[in-house]
Protein chains: 2
Amino acid sequence: MMGWRAYAQEHRDRFLSDLVDFLRIPSVSALPEHACDVQRAARWIADRMTAAGIEGAKVMQTGGHPVVYGEWLHATGKPTVMLYGHFDTQPADPIELWTNPPFEPTIVGDRIYARGAVDPKGNMIIPILAVEAMLQGEGALPVNVKFFFEGQEEIGSPEIPEFVRQHKDLLACDFALSSDGGQYSETEGEILIARKGLCGVQIDVQGPKTDVHSGTSGGAVQNPIYALARVLSSMRSPNGKIAIEGFFDSVVPLTDDDRAAIAAVPFDDDEYKKQLGVDELFGEPGYTTLERAWARPTLDLNGVWGGFQGEGSKTVLPAKAGAKITCRLVPNQEPEEIMSLIEAHVAKFTPKGAKATVTRQPGTARPYSIPKNHPANRLAHAVLEEIYGKPPYYVRIGGTIAVTGILLDILGIYTVSFGFGLNDECFHAPDEFFRISSWDRGQLAYCRLFERLGERGLEG
Amino acid sequence: MMGWRAYAQEHRDRFLSDLVDFLRIPSVSALPEHACDVQRAARWIADRMTAAGIEGAKVMQTGGHPVVYGEWLHATGKPTVMLYGHFDTQPADPIELWTNPPFEPTIVGDRIYARGAVDPKGNMIIPILAVEAMLQGEGALPVNVKFFFEGQEEIGSPEIPEFVRQHKDLLACDFALSSDGGQYSETEGEILIARKGLCGVQIDVQGPKTDVHSGTSGGAVQNPIYALARVLSSMRSPNGKIAIEGFFDSVVPLTDDDRAAIAAVPFDDDEYKKQLGVDELFGEPGYTTLERAWARPTLDLNGVWGGFQGEGSKTVLPAKAGAKITCRLVPNQEPEEIMSLIEAHVAKFTPKGAKATVTRQPGTARPYSIPKNHPANRLAHAVLEEIYGKPPYYVRIGGTIAVTGILLDILGIYTVSFGFGLNDECFHAPDEFFRISSWDRGQLAYCRLFERLGERGLEG
């Protein structure tokens, strides 16, 4: 056999061309008109896994977007690792801000641009390619693997808890590696020890029953955009602190140790400002930027609409206005409880003359954390130290993955984030891209982790 | 000759079919994609005027939407009245709330439904039909008339001041009748003595330079929707009073006489609530509903947008948010001054971490009022008293027509509102309609006004 390194090298062009094909499928889970594309992406993955030598690859229905499963379980006596990823993407809008069409992947130098390039498809395909390189280059894997790919991560994985509950035996394993993660920089690795939870609501405000003339009825009746603006602005104090009553009641305060660990991670506010294109950062007083982003709960307005949005002017007093809100939660906030607090807040702050309705969005997630010295973390730490030539940082992330909490609650397994995205790669934004060099590094890292795990076991 | 009454009766079906044709043209002045339709409507009117026997009918370009002019000036020694109207309409959106397509006119009983049915086309065509009935039924008009129709009323008539200035001789006359007005009820007429002025701005708020992931950057950087919501909600006190510094400084207070005249007009708050579909009316404290709507300045949010507006959820912290605002002004507020106050307010109330830009919208209008006992008002009063069998009310309107101020400033003539719309006819809203019986009454009223003016002159 030629060995996995040589195999991966020899087949690199084909691997990259497969990624381009995968990125062409607009598997946007949030938009009903793309539901078929999510199914198509699942089918594509199952076929690609079979081609890689992975066994039993199949699309499994969930009632919502599907799951893809596959396995290779011939490493007798060795640990079993779940390889988790997701194949759905965020919507591509605002589409007019993309330099190239979001679902026509474009390679420029070391970068491949497309919606889903970094989040998640470029990362998600890595373990498939790593397993192919080992199976075809070595003839066998040194460990057992179970692939578990979902198509609903970006909408909060609403059908995944029930799916995992119904397939506990199929999914049983020692721990999971999630490809949905990042590096600290191009030359530094990271170990993720906490992810925020998530919940979301939509607020709809109703004024008069139809749009009316602002000259005739303006001043006589409440304006629903004004009512909405007041509700939204009441949710935060001007200093940036969330002002929803009870919002912080169950938050576990950061310890001095927590704050020291966060402060140990190099982070440059000025560089971050430049990256975001803002003159100043802003948020809850009394916390550093990283503390706010990583370890404090947040409330964000994701969208707002109402009345006339076209070019020119329309002197209308509109009937309706609305907004979408998501909160990122930290231990021990519970999504259902936070949504109840928001409902109470909206009821209390809706101005006279308008009516507001709060609709809970599906796809909540509880906050997740993993002990810093969990054996799987130590394994990942060793591999990353070898690859980058220095130890990785212990980090937290504001981004949410519902599945980590689900796997812990139902299967009793921890998930180690093992992905290769970088923060500047515009995920969830126009001109999303992934560095091809990171994608190469990811395949190397997965192969080395399999080798080390096969040689030393999980407690090694 | 058969007389104008018999002529109008005999040709009624054709007149109505002409109105249907006219309503089919989507002459929406606010939307650039309909600019050709506005031109088409102008051409249609000029042709229709020529067919009516009106002389010199022509489309005249303004640099923006066109003007249509026509005349009949053979009543030697008699007064000359300008017949003003506009042929542009509001946009039709939200189009999904229309029962029938807005530009496919539908007649149900006494009602004709279409965008523009009441505002303005059903009203605008009345003086053309009245003049045709007199010219063809009597052989001549008892007065001189000049038609002046514009295609940019709904966007604030930006090119009309310059046009009127350049055509002072062509447009010279004793006074104007505007078809862009209403009856008080189906059995009561009204004389309009004041119209509010208008100015409008767009606010654009910029947060990070691109949309970013709410999990990664939420809590670290200002959210432009929040920033916008705070700016918008700061523009009013919770009690409904506009909170922009200096906004009321130049407002001429209502006198006891003004308030008594408004109180004399029958108005039922409960009926109005039912019509709007709201549980309570709302606005500036200390004033009645009619005082607020007719005689106090207002600030209305016409539209708001930002971030993700699709179905489902998108956990984005958007780069931009924006809103459109219009103010209705009363004597002696000046549009330019009010826009400056809004700019200062936005600059002062934009939260840290976001940038707001205010863009002044074209098409401002100064507030307008006409002395209650102006000779042209007395003439209209006499005609309306004859037609309804009781004297009309003296009313004010929150709705703005730029042209009345323009004609007064440049030509030195007052405009008497002489239209037949009713408040429940959904103008600027879905399912706009006009009562065909009002349209009949309007033709009668114009003919009687011409006769009375020809018999007694303006001072009669």
(request) Considering each residue of region B:244-263, count those that are touching a residue at least 60 places away in the same chain (Cβ under 8 Å) and of a type in the set (G, A, S), and give that number. (result) 3
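Each row is one residue, and each column tells you yes or no for (1) surrounded by fewer than 24 Cβ atoms within 10 Å (Cβ to Cβ); (2) aliphatic (A, V, I, L, M).
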| site | (1), (2) |
| --- | --- |
| A:Q90 | no, no |
| A:L97 | yes, yes |
| A:F103 | yes, no |
| A:T106 | yes, no |
| A:G116 | no, no |
| A:G122 | no, no |
| A:G151 | no, no |
| A:S157 | no, no |
(message) Let me confirm something: among A:E280, A:E291, which residue is of a type in the set (D, E), within 23 Å of the chain's Cα centre (by Cα) and within 11 Å of chain B (Cβ to nearest Cβ)?
(response) A:E291
(request) Enumerate the helices (runs of 4 or more DSSP H) found wholly within region A:365-456, keeping only those where 1 or more residues are acidic (D, E). (result) A:375-388, A:436-456
(request) Check region B:257-268 and report whether any residue there is within 29 Å of B:L341 (Cβ to Cβ), aliphatic (A, V, I, L, M) and at pLDDT 95 or above. (result) no
(request) Tell me, please, whether a residue that is closer than 30 Å to A:K320 by Cβ and either among the β-branched types (V, I, T) or more than 8 Å from chain B (Cβ to nearest Cβ) (or both) can be found in region A:158-171. (result) yes
(request) Tell me which of these B:L31 doesn't satisfy, since it passes every other one: (1) modelled with pLDDT under 95; (2) out of contact with any Pro (no Cβ under 8 Å at 6 or more places or on another chain). (result) (2)
(request) Answer yes or no: is there a residue in region B:187-203 that is farther than 26 Å from B:E291 by Cβ and not assigned by TED's automatic domain parsing to the domain that holds B:E55. (result) yes
(request) Any chance you could count how many residues in region B:182-200 are touching a strand residue (DSSP E or B) at 6+ places or on another chain (Cβ under 6 Å) and either surrounded by 24 or more Cβ atoms within 10 Å (Cβ to Cβ) or under 22 Å from B:L299 (Cα atoms) (or both)? (result) 10
(request) Go over the candidates B:Q183, B:Q202, B:Q206, B:Q166 one by one and state the one that is polar (S, T, N, Q) and free of Cβ contacts under 8 Å to residues at least 40 places away in the same chain. (result) B:Q166
(message) Considering only residues that are in contact (Cβ under 8 Å) with a residue 12 or more places away in the chain and assigned to a helix (DSSP H, G or I), which ones fall in region A:210-227?
(response) A:S214, A:G215, A:S217, A:P224, A:I225, A:Y226, A:A227
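Checking the conditions here, which among A:G116, A:G85, A:G70 is of a type in the set (G, A, S), more than 30 Å from B:V212 (Cα to Cα) and assigned by TED's automatic domain parsing to the domain that holds A:K146?
On the way: A:G116 fails: more than 30 Å from B:V212 (Cα to Cα); A:G85 fails: more than 30 Å from B:V212 (Cα to Cα).
From the options A:G116, A:G85, A:G70, the qualifying one is A:G70.
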(message) Here are the criteria: (1) under 30 Å from B:T400 (Cβ atoms); (2) of a type in the set (K, R); (3) without any contact (Cβ under 8 Å) to a residue 12 or more places away in the chain. Tell me which single one A:R378 does not satisfy.
(response) (1)
(message) So, in region A:188-220, how many residues would count as being modelled with pLDDT of 95 or more, β-branched (V, I, T) and farther than 23 Å from A:G399 by Cα?
(response) 1
(message) Conditions first: (1) without any contact (Cβ under 8 Å) to a residue 12 or more places away in the chain; (2) touching a Lys or Arg at 6+ places or on another chain (Cβ under 8 Å); (3) surrounded by fewer than 20 Cβ atoms within 10 Å (Cβ to Cβ); (4) of a type in the set (D, E, K, R). B:E284 passes all but one, so which condition is the exception?
(response) (1)
(request) Identify, from the list A:L384, A:L449, A:L407, A:L411, the residue that is over 22 Å from the mean Cα position of the chain (by Cα) and either crowded, with 19+ Cβ neighbours inside 10 Å or at pLDDT 95 or above (or both). (result) A:L449
(request) Determine which single condition A:D249 fails, assuming it passes every other condition in (1) within 20 Å of A:P335 (Cα to Cα); (2) buried (at least 19 other Cβ atoms within 10 Å of the Cβ); (3) not aromatic (F, W, Y). (result) (2)
(message) I'm trying to understand the selection: among the residues of region B:366-412, which are among the aliphatic types (A, V, I, L, M) and within 25 Å of A:T216 (Cα to Cα)?
(response) B:I370, B:A376, B:A380, B:L384, B:V395, B:I397, B:I401, B:A402, B:V403, B:I406, B:L407, B:L408
(message) Looking at B:P335, B:P297, B:P331 in this structure, which one is touching a residue at least 40 places away in the same chain (Cβ under 8 Å) and either of a type in the set (D, E, K, R) or at the interface with chain A (Cβ under 10 Å from one of its Cβ atoms) (or both)?
(response) B:P297
(message) Given the criteria out of contact with any Lys or Arg (no Cβ under 6 Å at 6 or more places or on another chain), basic (K, R) and more than 14 Å from chain B (Cβ to nearest Cβ), does A:R115 qualify?
(response) no
(request) Report yes if A:G307 is farther than 29 Å from A:G398 by Cα, at pLDDT 95 or above and not assigned by TED's automatic domain parsing to the domain that holds A:G399, otherwise no. (result) yes
(message) Among the residues of region B:175-206, what is the count of those that are outside any strand (DSSP E or B) and either within 7 Å of chain A (Cβ to nearest Cβ) or not small (G, A, S) (or both)?
(response) 6
(request) Could you check region A:228-309 for helices (runs of 4 or more DSSP H) lying wholly inside it with 2 or more residues that are over 19 Å from A:T400 (Cβ atoms)? (result) A:256-263, A:269-276
(request) Provide a single number: the residues in region B:244-256 that are at pLDDT below 95 and closer than 30 Å to B:E343 by Cβ. (result) 3
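Rundown of residues vs (1) assigned by TED's automatic domain parsing to the domain that holds B:Q222; (2) part of a helix (DSSP H, G or I); (3) surrounded by fewer than 16 Cβ atoms within 10 Å (Cβ to Cβ); (4) under 31 Å from the mean Cα position of the chain (by Cα), yes/no style:
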{"site": "B:E311", "(1), (2), (3), (4)": "yes, no, yes, no"}
{"site": "B:K314", "(1), (2), (3), (4)": "yes, no, no, no"}
{"site": "B:E336", "(1), (2), (3), (4)": "yes, yes, yes, yes"}
{"site": "B:S340", "(1), (2), (3), (4)": "yes, yes, yes, yes"}
{"site": "B:P351", "(1), (2), (3), (4)": "yes, no, no, no"}
{"site": "B:A356", "(1), (2), (3), (4)": "yes, no, no, yes"}
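The values are calculated or read from the model by the stated rules, or taken from the named source; none is laboratory data. Everything numeric here is computed off the predicted structure, so don't read it as measured data. Neighbour counts run over all protein chains shown; Cβ positions are idealised from the backbone, glycine included.
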